[in-house]
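Take a look at the structure below.
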Amino acid sequence: MSRIFINVFVLITAANLLSQNNLSSLNSFSHFPIYTTYASAMQDTKYSTDQGYQLVWFDPDKGILLKSEQSGEFGVIFRSGNILKFKLSGYSKPPVITTSYSNLFKLITYPFQDIRIEFGGLVKDSETLILDLSISNESSFPQIIDLFPFIDFPGNEFTELGRHEKGLSFTHERKKDSWMKEHNIPFREEMHNLLLADVQVISSGSYQGTGYGNTGNNIYLINDLRKNGTLNGIITNNKTAAFQISVTVDPGESKIIRLIRTVSDKPVYPTAADSVLKVNSSVDLSRFILKNENIYMNIPAIKFKDKDAEAVYWNAFNLIRQCMMKAEGKCSYNYYVFSREPKWGWGYGGQVFHESLTMLAYAFLDPLSAMNSQRVYFERQHPAGYINYRTGPYLDEQIPVDGQLTSSAPWFNWQNYEIYKITDDKSFLAEAYKSGKRFYDYYVSGRDTDKDGLCEWGADAVLESVRDARVAVWDEVGEPVNFESVDCNIMLVKEAKSLAAMAEILGKAEDESKYLEEAEKRTALINKYMWDDKTGFYYHVDKKNHSFSFRAKNDLKRKEIIAFLALWAGVADKNQAEKLVGHLNNPEEFNRKYGVPSLSADDPYYNPIGYWNGPVWLPWQYLLFRGLIDYGYIREAEDLTERITKNIAFQLKTNHYFWEFYSADDLQAGWNKAYIWSGIIARFYIDLNNLNK
C-alpha cells in the first residue's frame with residue numbers, strides 16, 4: 001500500500017479543491033513563521049500517557065529531532081561511506097517543511113549531495129509516533145545509506161533495555177511537577193518504550209549520549225560509529241538507545257523506511273514489537289492529510305496581503321486544535337488543556353473561562369467541538385450556579401477562601417453567545433442560556449457583598465481576576481477584595497447584554513427586558529463612580545466609599561488595559577470613548593510597538609516582559625480590538641492587529657512556538673510555550689475580513 005509519499009500530487013490537488021488553505025502545500029524554510037509542535041488528533045488522545053513532540057529542524061547545531069521535554073529526543077544520524085551527518089550545519093541543503101497540521105508534518109532535506117530524504121511524521125495517538133523516511137537517490141550510481149535512529153535523554157536515563165530484530169524496548173521516568181502532585185493528576189511517571197523499524201536491524205545498543213553536544217558525555221555514540229561502524233554496546237547508565245539500518249538505493253529509486261516509537265504506561269517487551277509493527281505498518285499517512293483538509297476547509301478563506309499574517313492565521317488553528325482532548329473521566333464532552341507539549345501541571349488540569357475565549361476562533365474550524373467544550377462547564381455546574389475555577393477530566397478546582405469558591409472572570413455568557421452566532425445551533429443556545437442564567441445570578445449575588453450594585457472579585461480574587469501575578473494595584477495598593485473592580489463590573493454588563501440577546505432569540509421577552517435593565521443600571525454605576533473625567537480613564541474604587549483613594553490619595557489611579565473593556569462592553573459614551581482612544585494612541589502609555597501593554601508604559605511598575613505589569617496578552621488585545629470596531633475605530637483595530645502579529649510571527653520564525661504572552665516593546669515572548677489562548681489571533685483576521693464583506 002502506498003504511504004505519504006506516493007501520489008502526492010494527486011492528493012494535494014484533491015485537497016486544494018476541498019479547502020482554501022495552504023497547509024498541505026507549504027514551502028517553509030526555518031526562517032518562515034510556522035508552528036512545529038505536534039500531538040495526536042482529539043479523538044486519539046489518552047490523558048494519562050499523552051505525548052506530544054516539538055519538531056526541531058531549525059538549529060544548525062542539532063539535527064532533525066522530535067523532542068519531548070520529558071520523554072527524550074528522537075532523531076536519526078545518516079552515514080554515506082565514511083561520512084556521518086547529523087548536525088544541520090553539515091547538511092547539503094537545509095530542511096523545508098511542505099505540510100504541517102496539528103498532528104503531522106512533511107519535511108524535505110538533503111544530508112548528502114544527491115540524497116534526498118523526505119520525512120513524514122504523524123503523532124497517531126497519545127502513545128504512538130510514526131516517522132516515515134523516503135530516501136531518494138538522485139545521483140547516477142547506487143548509494144548505500146546507513147541510518148541510526150536514536151532516542152536521547154539529555155537530562156534523564158532509561159532502564160531495562162531489551163533487543164528485538166527490528167528494534168529496542170526500554171523504560172524511562174517522567175516527573176510530576178508540584179502542581180500535579182498537589183492535585184493528584186493521573187500523570188503516569190514510569191513509561192515503557194518501543195523504538196522499531198519495519199526492516200531488519202543490523203545492530204543496536206545503548207550509550208551515554210548522541211554526539212551533538214560540545215562537551216561531556218555527548219560524544220560516545222558518534223565516536224563508536226566512527227571507530228566500529230556498528231552499534232553493539234550495552235552499558236549501564238544509559239542516555240541514548242539506538243540501532244542501525246542499511247539501505248541500498250539505485251539511481252532514480254526511492255525507498256521508504258518506517259520508524260515507530262510507542263510510549264505507554266503498560267510494560268512492553270521485545271515480544272510486543274511484532275504486534276505494534278503489525279498494527280502500524282499499514283497506517284497510510286496521506287489519509288490523515290485528507291482528514292485534516294476536510295476539517296480545515298471550514299475555516300474562513302481570507303485574502304492576505306502579508307504572507308506572515310497569513311501564516312500566523314493558519315498556524316493559530318493548528319495550535320488550538322492541538323490542545324483539544326476527547327471526552328474522558330468526569331468530562332462527557334471533549335475539553336482542552338493549555339498545552340500538550342511541553343506538559344506542565346498548571347497547563348494540564350483542564351479548562352478555564354479565559355482560555356475558552358479561543359473557542360471563538362476554533363468554532364469556525366470545528367463548531368461541534370467548540371460547543372462541547374463549553375458543555376463541559378454546563379455538566380459540572382453546581383446547583384446554585386457556581387462553575388469551577390478550572391474544570392478537567394480529573395479535576396474540579398474550586399480554591400475556597402473565606403467561605404467563597406473561586407470561579408473565573410465572568411465572560412461565560414458572552415462566549416456562549418458568540419459561539420452560537422457562528423454555529424447557529426439553537427439547542428446549544430438553549431443549554432447555554434439555562435446554564436448562563438444560573439451562573440450570572442450566582443455571581444452578581446455572591447460578589448456584591450455590600451449590596452450596592454457594584455461587584456468585587458471574590459474568593460482567591462487574584463486568580464479570579466485572571467491577572468494572577470505582578471499587578472500594579474494588587475501588589476502596591478491592596479488586595480482586590482478591597483475594591484469594586486472596574487473590569488469585573490464591565491464584564492458583568494457584557495454578561496447581562498449577552499443574556500438579553502440570547503433571551504430575545506429564544507423568545508423570552510421578559511428575561512430580555514430584565515437583563516437589559518440590569519446592564520443599564522450597572523453601566524450607570526460604573527460611569528458614576530469608576531470614570532475619572534480629569535484623566536479620561538476608568539479605575540477601581542475603594543469598596544467602602546467609592547473613591548480613587550485607598551491608602552493614599554488617588555493611589556487607585558493606575559492605568560491598566562482593563563479600562564478599555566468599556567469599549568468592548570459598550571459602557572463608554574462617545575466622549576469617553578474618544579478620551580480612552582486618546583490614551584490608546586499615546587506612545588508614552590499604550591501605543592507600544594508590538595501591541596497594548598497590560599499596564600501603561602508610564603507607570604513605574606511597568607515591565608514589557610514582566611507578567612501582568614506590561615506584556616501583551618492576546619485575550620485582552622482581542623476584547624480591546626472588538627471594542628474599537630464597535631465604536632468605529634477601524635484603523636486603530638487594523639493597526640493593533642498588525643503590531644501584535646509582528647511579534648507572533650517573529651517568534652514563529654525563530655523558535656516556532658506560540659507563547660503565553662509577548663513583549664509590548666521588543667521582539668520577545670515569555671514564560672509558557674505552545675499556549676492555547678494565543679490562538680485567538682485568528683479571530684482578529686476573521687472579524688476584519690467580515691467588515692469588508
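Which pairs, out of 303/494; 421/579; 124/255, put more than 26 Å between their alpha-carbon atoms?
303/494; 421/579
Gap in Å between the Cα centre of the stretch 343-401 and the Cα centre of the stretch 534-554?
So the two Cα centres are separated by 34 Å.
How about residue 543: which aspartates and glutamates have a C-alpha closer than 15 Å to its C-alpha, ignoring those fewer than 8 places off in the same chain?
Of all the aspartates and glutamates, those that pass the test against residue 543 - Cα under 15 Å, at least 8 places apart if same chain - are 448, 450, 452, 456, 479, 484, 487, 555.
Add +1 for every Lys or Arg and -1 for every Asp or Glu among the other residues with Cβ under 13 Å from the Cβ of residue 587, and state the total.
-2
If you average the alpha carbon positions of the stretch 133-208 and of the stretch 586-607, how far apart do those two centres end up, in angstrom?
Value for the Cα centre distance between the two parts: 47 Å.
Using the count of nearby Cβ atoms within 10 Å as a rough guide to exposure, how do 516, 259 rank from fewest to most?
Lowest to highest Cβ neighbour count: 516, 259.
Just want the answer: with Cβ charges of +1 for Lys and Arg and -1 for Asp and Glu, which residue in 244, 128, 399 is farthest toward the dipole's positive end in the chain?
Positive-most Cα among the choices belongs to 244.
How much length, in nm to one decimal, is gained on full extension between residue 510 and residue 156, taken as 0.36 nm per residue of separation minus their Cα-Cα distance?
121.1 nm
Let me check I've understood the local charge: for residue 497, count other residues with C-beta under 15 angstrom from its C-beta, Lys and Arg +1, Asp and Glu -1. What total comes out? Each step should come with its number before you reach the end.
Working: positive: 421, 437, 494, 508, 514, 521, 522, 626; negative: 418, 495, 504, 511, 512, 517, 518, 520, 630.
Neighbourhood net charge equals -1.
Please report, ordered by residue number, every helix of the chain (full DSSP H runs) that is 27 Å or longer along its axis going by C-alpha atoms and whose mean Kyte-Doolittle hydropathy reaches -1.0.
In the chain, the long hydrophobic H runs are 426-446, 486-505, 634-654.
Across 20 Å bins from the origin, how do the percents of Cα pairs in the chain run, short distances first?
Spelled out per bin, shortest first, that is 18, 48, 27, 8, 0.
Could you order peptides 413-420, 301-308 by the average number of other Cβ atoms within 10 Å of their residues, highest first?
Going from most to least packed, we get 413-420, 301-308.
Around residue 550, what is the net charge, scoring Lys/Arg as +1 and Asp/Glu as -1 over all other residues with Cβ under 14 Å from its Cβ?
That works out to -1.
Peptides 470-478, 396-404, 642-650: what's the order by average Cβ count within 10 Å, highest mean first?
Answer by packing, highest mean first, reads 642-650, 470-478, 396-404.
Cross-link partners among aspartates and glutamates for residue 291, C-alpha distance below 13 Å, same-chain residues fewer than 8 apart left out?
Within the straight-line cut-off, residue 291 pairs with 366.
Taking a threshold of 18 Å on the Cα-Cα distance, which of the pairs 330/673; 93/307; 528/557 fall above it?
Values: 330/673 27 Å; 93/307 24 Å; 528/557 15 Å.
Over 18 Å apart, Cα to Cα: 330/673; 93/307.
Where a number appears in this text, it was derived from the coordinates with a stated rule and is not lab data. Computed from a predicted structure; not experimentally measured. Virtual Cβ from ideal backbone geometry, glycine too; neighbours counted across all protein chains shown.
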